[in-house]
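Asker: Let me give you the structure first, and then I'll get to my questions.
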Amino acid sequence: MAANTIRKDIITKVQRVVLKLGSYVLTTPSWKLDRKVFSDVIETIADVRARGREFVLVSSGAIAAGMGRLGLRERPRLIAQEQAAAAVGQIGLMGLYERMFGKFDIHVAQILLTHGDLRDRQRFLNARHTLHSLLEYQAVPIINENDTTVVEEIKFGDNDSLSSMVTNLAQADLLIILTDIDGCFDKDPRRFKDARLISLIENVDSDIEQLALGTKSKISRGGMATKITAAKTAARFGVPTIIANGKTPGNLARVLAGEEVGTLILPEKNKLASRKHWIAYTLKPQGVIQVDDGALRAIVEHDRSLLPSGITGAQGDFDAGEAVSCCDRHGSEFARGLSAYSSADIDKIKGLNTADIQGILGVCRNPEVIHRDDLVILREG
Ligand code: GLU
């Protein structure tokens with residue numbers, strides 16, 4: 001299929017869009033909210049919504065806007081100061097969204113999340129129900145990380161990752177990431193004049209991941225690397241991603257019209273179910289379980305559960321029910337899953353037959369250490 005037909009095909013089927021707006025897109029060089037960008041984006045959303053599509057926004061810009069309001073030139077060094085700037089900026093950000101969407105009689109809703117809100121399945125599902133209710137009320141949910149109260153353990157880290165988790169949370173079918181460059185290039189366009197835009201990525205492989213490295217920026221927490229990782233995460237949920245320049249007037253409208261703008265990253269054909277996607281891409285692995293070649297083959301080639309007999313070791317300090325990485329004997333991660341046993345118990349039962357668990361631990365709660373329903377394969381072989 002020709003590239004422009006692929007775009008049109010994707011766009012025609014889209015019902016629900018997650019739109020991520022970066023800090024540089026939403027602010028001017030002196031960290032003031034960029035009204036031109038707001039009005040361009042919001043007019044486009046109002047127009048496309050009127051034709052039956054739904055939008056969930058993931059908006060950065062709180063810290064940057066806070067810096068503008070507080071007259072700070074540089075990002076504050078102390079975490080508490082940065083968190084204070086976010087609190088000042090978030091209110092200005094939402095105020096402007098409310099006023100500008102209000103011109104089209106559209107309600108906006110603020111949702112401030114930490115990773116703690118999504119890592120518990122029940123809370124994840126509660127957040128999903130709230131999002132769905134907001135969409136039924138025809139409101140536009142606007143999500144940001146709760147920068148003011150977040151601490152390291154419950155951080156998403158960057159809004160690109162957050163936006164890819166939101167594709168699952170909101171059950172969206174397109175992720176658009178608006179940033180301040182035109183998309184993913186074959187070289188860093190800030191350093192090389194002959195850098196060329198890649199308009200279509202069929203599959204995020206290690207070459208693409210390498211290309212995207214090394215484009216960090218000062219204000220937003222991501223760079224191209226986090227955008228490409230976000231696109232890969234969305235792809236596993238069957239969701240295509242378009243990365244485009246949000247500073248170019250009219251670009252969002254062009255993206256939503258299926259025009260060749262920015263970089264399109266295609267979804268994977270074998271879409272993961274929501275719960276499996278959540279296990280692999282929303283949860284953060286709390287440790288590692290190392291397996292032998294037999295267990296690797298049984299899991300990857302025959303879709304089996306992980307039994308104690310195939311385990312050679314466990315690293316990290318995790319409890320039963322927590323997410324872990326499964327690594328082969330070279331230490332390379334090939335799967336993620338929910339461990340039915342703690343790291344301390346795995347240490348005692350590794351290499352043993354399931355029948356021996358009771359004798360060692362006094363009770364056998366589960367024959368498998370990770371049941372295949374709780375196991376997600378990340379790579380073949
Ligand atoms: N949550 C941050 C903010 O609103 C931005 C995080 C990011 O740039 O990814 O300022």
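The values are calculated or read from the model by the stated rules, or taken from the named source; none is laboratory data. Please read all numbers here as calculations on a predicted model, not as lab measurements. Reconstructed Cβ throughout: ideal geometry from the backbone, glycine too, with neighbour counts over all protein chains shown. Only protein heavy atoms, including side chains, enter the accessible area calculation; ligands, DNA and RNA are left aside. Shrake-Rupley method; radii C 1.70, N 1.55, O 1.52, S 1.80 Å.
Asker: How many nm is it between the label spots at Glu301 and Glu209, if each spot is 7 Å from the Cα in line with the beta carbon?
Answerer: Going from the Glu301 label point to the Glu209 one covers 2.4 nm.
Asker: I've got another one for you. Report, by chain and number, residues whose modeled amide H sits under 5 Å from the one on Ala314, excluding near sequence neighbours (fewer than 5 apart, same chain).
Answerer: Gln290
Asker: From the phi of every residue in the range 231-239, what ³J(HN,Hα) in whole Hz does the Karplus formula 6.51 cos²θ - 1.76 cosθ + 1.60 yield, where θ is phi - 60° and glycine or proline is x?
Answerer: Rounded to whole hertz, the list is 5, 5, 5, 5, 4, 6, 9, x, 10.
Asker: Rank Tyr97, Leu112, Gln83 by how far each Cα sits towards the positive end of the charge dipole of the range 75-117 (+1 on Lys, Arg Cβ; -1 on Asp, Glu Cβ) and give me just the farthest.
Answerer: The residue sitting most towards the positive pole is Gln83.
Asker: Per residue and in Å³, how big is the convex hull formed by the alpha-carbon atoms of the range 202-313?
Answerer: Output value, Cα hull per residue: 160 Å³.
Asker: Rounded to the nearest 0.05, what FRET efficiency do Arg379 and Leu200 give with R0 = 25 Å and r taken as the Cβ-Cβ distance? Could you check?
Answerer: 0.65
Asker: Continuing with the same structure: Remind me, relative contact order of the range 1-60 in percent, using alpha carbon pairs under 8 angstrom and six or more residues apart?
Answerer: Relative contact order here is 51 percent.
Asker: Another question about this same structure. I'd like the trypsin sites (Lys or Arg not before Pro) in the range 79-126 restricted to DSSP loop residues with at most 14 other Cβ atoms within 10 Å, sorted by number.
Answerer: Sites meeting the loop and neighbour criteria: Lys103.
Asker: Roughly speaking, to the nearest percent, how much of the range 147-241's 1.4 Å accessible area is carbon and sulfur?
Answerer: Using a 1.4 Å probe with all protein chains present, the range 147-241 comes out at 49 percent carbon and sulfur.
Asker: Let me ask you something else. May I ask you to compute the full-extension gain from Arg275 to Arg77, defined as 0.36 nm times their residue separation minus their alpha-carbon distance, rounded to one decimal in nm?
Answerer: 67.5 nm
Asker: How big is the equivalent ellipsoid of the range 271-337 along its three axes, where each semi-axis is √(5λ) from the Cα gyration tensor, reported in whole Å from largest to smallest?
Answerer: 18, 16, 10
Asker: How high is the relative contact order of the chain, in percent, counting Cα pairs under 8 Å that sit 6 or more residues apart?
Answerer: 14 percent
Asker: If you don't mind, another one. What does the charge dipole of the chain about its Cα centre add up to, to the nearest 20 debye, if the Cβ of each Lys and Arg holds +1 and the Cβ of each Asp and Glu holds -1?
Answerer: 1100 debye
Asker: Around Phe55, which amide H atoms from residues at least 5 apart in sequence, or from another chain, sit under 5 Å from its own amide H, with H modelled in the peptide plane?
Answerer: Under 5 Å from the amide H of Phe55 lie the amide H atoms of Val17, each far enough along the sequence or on another chain.
Asker: In the calculated pair distance distribution of the range 239-280, what percentage of Cα-Cα distances lie above 13 Å?
Answerer: Summing the P(r) of the range 239-280 above 13 Å gives 61 percent of all pairs.
Asker: Related question: Kindly work out what percent of the DSSP beta bridges joining two residues of the chain are antiparallel, to the nearest 5.
Answerer: 40 percent
Asker: Still on this model: Using a Gaussian network model on the chain with a 10 Å cutoff between Cα atoms, which of Gly89, Gly337, Gly359 fluctuates the most?
Answerer: Gly359
Asker: To the nearest 10 degrees, how steep is helix 35-49 against the longest Cα principal axis of the chain, on a 0 to 90 scale?
Answerer: 70 degrees
Asker: Across the range 241-246, in residue order, what do the Karplus-derived ³J(HN,Hα) couplings come to in whole Hz, using 6.51 cos²θ - 1.76 cosθ + 1.60 with θ = phi - 60° and x for Gly and Pro?
Answerer: 10, 10, 9, 9, 7, x
Asker: What number, rounded to the nearest 500 deg cm²/dmol, is the helix-based mean residue ellipticity at 222 nm of the chain, given -39500 (n - 2.57) per DSSP H run of at least four residues and division by all its residues?
Answerer: -11000 deg cm²/dmol
Asker: On to the next question. Applying the Karplus parametrisation 6.51 cos²θ - 1.76 cosθ + 1.60 with θ = phi - 60° to the phi angles of the range 15-23, what ³J(HN,Hα) value in whole Hz is obtained for each residue in order, glycine and proline being reported as x?
Answerer: 10, 10, 10, 9, 10, 9, 10, x, 4
Asker: In Å, what is the Rg of the alpha-carbon atoms in the range 268-381, and how long is Dmax?
Answerer: In order Rg, Dmax, the Cα atoms of the range 268-381 give 13.1, 45 Å.
Asker: Is there a pair in Lys20/Lys227; Lys36/Lys187; Lys36/Lys103 whose C-alpha atoms are over 21 Å apart, and which pairs would that be?
Answerer: From Lys20/Lys227; Lys36/Lys187; Lys36/Lys103, over 21 Å: Lys36/Lys187.
Asker: Right, here's the next one. Below 8 Å, C-alpha to C-alpha, sequence gap of six or more: please give me the relative contact order for the range 134-270 in percent.
Answerer: 29 percent
Asker: In Å and from the alpha-carbon atoms only, list the Rg and Dmax of the chain.
Answerer: Cα-based Rg and Dmax for the chain come out at 22.2, 69 Å.
Asker: Something else: Rounded to two decimal places and with Rh computed the Kirkwood way over Cα pairs, what is Rg over Rh for the range 1-134?
Answerer: Ratio of gyration radius to Kirkwood radius for the range 1-134: 1.02.
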